[in-house]
Structures are given as structure tokens and as C-alpha cells.
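**Student:** Sharing a structure, written as C-alpha cells. Questions coming.
The values are calculated or read from the model by the stated rules, or taken from the named source; none is laboratory data. None of the values given here were measured: they were computed from a predicted structure. Don't worry about glycine lacking a Cβ; one is built from the backbone with ideal geometry, like all the others, and counts go over all protein chains shown. These accessible areas exclude ligands, DNA and RNA; they are computed on the full protein's heavy atoms, side chains included. Shrake-Rupley method; radii C 1.70, N 1.55, O 1.52, S 1.80 Å.
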Amino acid sequence: MTEKKQIQEVIVRTERCKQIVKILERENVISLGAEGLKLGKEGALMLLTIANMKGDAFVFDVVFSCSSTSAVLKYQLNVNLRAVMDIQVAHIVIQENNGCRLPLTESLENICKIYSDKIEPIYKDKQQIKGLFLLICEKTNSAFWAIRPLTKEMIQYVVGDARALIPDVYTNVKKKLDELTLWSLFRRRVDEELMAEWSPVFRNMRSDRMRQATHDIIQDMEDKYESHALVDLEELSDEEKHAIELLPYSECKERSQVIKMLKNIQISEKLHDLEDDLEQVGNHFIPDDEMDEFLRDVKGHENQNIRKKAIKIHDDIKLIVLDDIGVKYGVDTPLSHLKEIERKTLSGLVYLQNYNAIVRSLATKAK
């Protein structure tokens, strides 16, 4: 018996959209994927992909303001998501049940490897295509996903994401939650994740939980390692390494000597990696908000060599950020479409006459 071919369709007309929605209303389980410009509270959703358990995938061509996949439905269409099976949240809850206090979030590919032995639904050249798409979005065209017509590679990319989690990953994760009786905690966490997109209260709940877990692990490490002990990062567990990484340098003053030493090693290694990346890829380097926050924290380091290196790297990255802004945005681009690192870089500029018209215009709005 021949296997039924999976449907793959891009939806651009309103009438066809209504037809497909009626079909999808009959499904018990669907997978949802989204692409756009700075997906977040004030970003723009450009493609919404839905797949069913048979692997049929529908790419809805949409362009409107959004806060996230869940928030766009709430704010734009007055629709609240219900019965959400967030696989990332489920994985974190399962890891916590296994004793991990600071579970790492995983990539889609890793999630598929953990919960299924079949990762074929992910577009086989996904990493290469993702790297190319990321470079275009970050360096030349921030509205890459608004390009029309969609290329074959763009369609395969978003369809692969939506198909990847069903049916195997979904079924296996659901079974794991059943076995461990974790549904109550899982549902609370999913509600928290959805609400965090538009509620500071829920965002703080999530941040406070991670901060407390970090504090507890660091405290255990101080009890475990004597202050005079020589400990290397490689000797630490993954959880301990993660806690050291999440601990801001500015909060190390009251910590033991061993924690300060481990944090300094982690800082030095990260600065070295950033230097290497900048040297190897030059202007193709892609800055991000987390990196910017790390460098701003370390620029106040008491060690002069570390402080100087952090300032130099941060200055080099800011020049790259300004070059990127001048290429991928226009004078009328809303500040809400810029990344946090881009807004902070613009707001810190003093002599605007040294920059092009786009940077000057956006910097004026950012101040």
C-alpha cells in the first residue's frame, strides 16, 4: 500500500484561508511555527505555519504587528490559545523532575533527537539554510521573511519546523508527562510562558525562579568547594557551569574566592571566544542582546586586563552594529523593530554628524 503524499500549501487568499481553517478545526493536535521580524511584543509576524499529525503543512502568508505567536492571536484577533503543548516547556519540566535545577533550553533539532529517532521531517539542509537566512536578516534585510514570492528553500524551512514535532516528539513527550504525572505543573508553566509575553508579573515569576535556582546552586558550590581549593571549570557539572555563567559579575563581590575565580575563568574564556569570532568573521559577526549585556557587566571588572579587553570588544561590536543598522533599516523604521542592542547602541551615540542619515535618524528617535 503506497503511503499518502503529505500536503504542502502556501495560503495567500482569504477565501482559501477560511477553507483551510475549517479543515484544521477538525484536528485534535496541530503544530504551530512562526517567522517574522523581531518576533516579540512589537515585532511583525510574516509567516504562520500549521501542520497536522499526518504531516500536511499549510503556510499562511501574513504581515501584521505581533508580540509573539500567542500574543498576535490575542491582540490582533482576540483569540486566546488553549490546550497548548509547548514541547520546550515540557522538556524543562521533565528535566526538573529528573533533578536538574537549571535545565537548558534546547534547539528544535536537539529536542527531536531526545524524544525521537526520526529527525527527517526537519529540512535536511536546515542548519546551512538557517545560517544563510540569519546572515541575510541580520546584515542586509531585516524584513527577509517579507520577501515575496517565497523561495522553495524558505517554504521547506518553515514547513520542516512545523512537521518536526509531530507525531513522534509530541507522542513521546505526552507519554513522558503521563508517566511522571507532571501535567499539573506543565500546564501552570505553559500558562506562565504565554502570559509572560505581555505581563511583567509573569515574566518576573520566570526570572525569579531562575535567579533563585542559580543562587541555590552557587550556594551549594560554596559549601562544596573550599575557598582555597583549585577548581577548574571542566571539573564542574553542566548545572554548575550554567549557574556560573548566569551569575552576573556585578553580584560576585559577596561571593567566596572560589566562585570569583570560576567566574573570572568563565569571563576570560568568553572574551577569548568573542575575540576569535570577531577576528575570523569580521563584519559578518552577528551581535546579540545577551552578548551586549555580558560586556556591559564585565566592563566594570576590577581586573584591568579583563576590563580593557571587554571595552575593546564592546567598542568593536558597536561599530558592527552601526554598520548593520545603516544597511538593513531605513530612516522611517520603527524603533520597535530594532533589537535591544541596536537601540542601546544608538542611544549612546554623541556625535551624530559622523554617521549616515539612517543612523542619525534612528539615533535621534532612540535618545
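**Student:** Show that you can apply the helix-only estimate: for the chain, add -39,500 (n - 2.57) for every DSSP H stretch of four or more residues, divide by all residues, and state [θ] at 222 nm to the nearest 500.
**Tutor:** Using -39500 (n - 2.57) per qualifying helix, the result is -18000 deg cm²/dmol.
**Student:** Using a 1.4 Å probe, how large is the accessible area of E245, given in Å² and rounded to the nearest 10?
**Tutor:** 90
**Student:** Kindly provide the pair-distance distribution of region 110-266 built from C-alpha pairs, with 10 Å bins from 0 and whole-percent values in order of increasing distance.
**Tutor:** 9, 21, 23, 31, 14, 2, 0
**Student:** Relative contact order of region 16-61, please, whole-number percent, based on alpha carbon pairs below 8 angstrom and at least 6 residues apart.
**Tutor:** Answer for region 16-61 is 30 percent.
**Student:** Output the Kirkwood hydrodynamic radius of the chain, Cα pairs only, in Å rounded to one decimal.
**Tutor:** 23.2
**Student:** Still on this structure: At a threshold of 8 angstrom on Cα-Cα distance, excluding pairs fewer than six apart, so keeping six or more, what relative contact order does the chain reach in percent?
**Tutor:** 15
**Student:** Same structure, new question: Is region 286-367 rounded, prolate or oblate when judged by the Cα gyration tensor, a ≥ b ≥ c being the square roots of its eigenvalues, rounded requiring a/c under 1.5 and prolate requiring a/b larger than b/c?
**Tutor:** prolate
**Student:** Let me ask something else. Give me the tail of P(r) for region 180-243 as a percent: Cα-Cα pairs with distance above 16 Å.
**Tutor:** It works out to 61 percent of all Cα pairs.
**Student:** Where the eigenvalues come from the Cα gyration tensor of region 144-207, what are the semi-axes √(5λ) of the equivalent ellipsoid, largest first, in whole Å?
**Tutor:** 31, 22, 6
**Student:** Heavy atoms only, probe 1.4 angstrom, no DNA, RNA or ligands counted: give me Y225, Y355 ranked by accessible area, highest first.
**Tutor:** Final ranking, largest accessible area leading: Y355, Y225.
**Student:** Let me ask another. Can you give the FRET efficiency for E27 and V350, using 1/(1 + (r/R0)^6), R0 = 51 Å, r = Cβ-Cβ distance, to the nearest 0.05?
**Tutor:** 0.35
**Student:** So if R0 is 30 Å, what FRET efficiency would K175 and I136 give, r being the distance between their Cβ atoms, rounded to the nearest 0.05?
**Tutor:** 0.15
**Student:** Could you work out the relative contact order of region 287-342? I mean the mean sequence separation of Cα pairs under 8 Å and 6+ apart, divided by the number of residues, in percent.
**Tutor:** Relative CO of region 287-342 lands at 43 percent.
**Student:** Moving on to the next point. Sort T140, T345, T151 by heavy-atom solvent-accessible area, probe 1.4 angstrom, most to least.
**Tutor:** T140, T151, T345
**Student:** Where the Cα atoms of region 216-304 are projected onto their three principal axes, how long is each span, largest first, in whole Å?
**Tutor:** Taking the Cα atoms of region 216-304, the three principal extents are 45, 25, 23 Å.
**Student:** How much solvent-accessible surface does V281 expose, in Å² to the nearest 10, with a 1.4 Å probe and all protein chains in place?
**Tutor:** Answer for V281: close to 70 Å² accessible.
**Student:** Another question about this same structure. Please work out how much length the chain gains when fully extended from R16 to T105, using 0.36 nm per residue of separation minus the C-alpha to C-alpha distance, in nm with one decimal.
**Tutor:** Extra length from R16 to T105 when fully extended: 28.4 nm.
**Student:** Hey, in the GNM for the chain with a 10 angstrom Cα cutoff, which one of A162, A51, A196 fluctuates hardest?
**Tutor:** A196
**Student:** At R0 = 35 Å, how high is the FRET efficiency between K113 and D289 if r is their beta carbon distance? Nearest 0.05 is fine.
**Tutor:** 0.80
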